[in-house]
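Visitor: Got a structure here, written out as C-alpha cells. Questions coming.
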Amino acid sequence: MIFQGALHIVILLIYLFFIGISIYCLVLFVKLARRGILALDIYILQNKQKESQEENNNKLRD
C-alpha cells in the first residue's frame, strides 16, 4: 500500500517534469522562430537595397 502511494508520487513528479520541459522547449522554439523571422527580414531588406542600387547604376549608364 505504501509502495503504491510512493509510486504514484514518483509518476506525478515525472509527469510534472515533462510538462515543465515541454513548456521550456516551446519557449525556446518561439525565441528561435522570432530570430529567424528577424534574420529573414534583414536579408530581404539588404537584397532590396542591392537591387535598387543596381537599378540606379543602370539608369545612370543609359
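Visitor: So what's the back-of-envelope 222 nm ellipticity for the chain, counting only DSSP H runs of four-plus at -39500 (n - 2.57) apiece and dividing by all residues, rounded to 500? Can you show the working numbers first?
Guide: On the way: 1 runs with 60 residues, N = 62.
Using -39500 (n - 2.57) per qualifying helix, the result is -36500 deg cm²/dmol.
Visitor: Another one. I'd like the Karplus ³J(HN,Hα) series for region 30-44: coefficients 6.51, -1.76, 1.60, θ = phi - 60°, whole numbers in Hz, and an x wherever there's a Gly or Pro.
Guide: Ordered by residue, 3J(HN,Hα) equals 5, 4, 5, 5, 5, 5, x, 5, 5, 5, 5, 4, 5, 4, 5 Hz.
Visitor: Charges only on Cβ, +1 for Lys and Arg, -1 for Asp and Glu: so what's the dipole of the chain about the Cα centre, in debye to the nearest 20? Display every interim value, and only then the final one.
Guide: Values: 7 positive and 5 negative charges, 24 e Å.
So the dipole magnitude of the chain works out to roughly 120 debye.
Visitor: If you don't mind, there's one more thing I want to ask. Quick one: length gained pulling Ser22 to Lys48 fully straight, 0.36 nm per residue minus the C-alpha distance? Show your work: numbers first, answer last.
Guide: Details: separation 26, 0.36 × 26 = 9.36 nm, distance 3.88 nm.
Full extension of this stretch gives 5.5 nm more.
Visitor: May I pose another question? For the chain, what are Rg and Dmax over the alpha carbons, in angstrom?
Guide: Cα-based Rg and Dmax for the chain come out at 26.9, 91 Å.
Visitor: Tell me, in nm to one decimal, what length is gained between Leu32 and Ile9 on full extension, where the rule is 0.36 nm per residue of separation less the Cα-Cα distance? Intermediate results must be reported in sequence, preceding the final value.
Guide: Numbers: separation 23, 0.36 × 23 = 8.28 nm, distance 3.46 nm.
Computed gain between Leu32 and Ile9 is 4.8 nm.
Visitor: Residue by residue, what Karplus-based ³J(HN,Hα) values in Hz, rounded to whole numbers, does region 2-7 have, using 6.51, -1.76 and 1.60 with θ = phi - 60° and x for Gly and Pro?
Guide: 5, 4, 5, x, 5, 5
Visitor: So for the chain, taking the charge dipole from beta-carbon charges (+1 Lys/Arg, -1 Asp/Glu), which of Leu32, Gln46, Ile14 sits furthest toward the positive end?
Guide: Ile14
FYI, it's all coordinate maths here, none of it is from the lab. Everything numeric in this text was worked out from a predicted model, so none of it was measured. Neighbour counts are summed over all protein chains in view; Cβ atoms, including those assigned to glycine, are modelled from backbone coordinates with ideal geometry.
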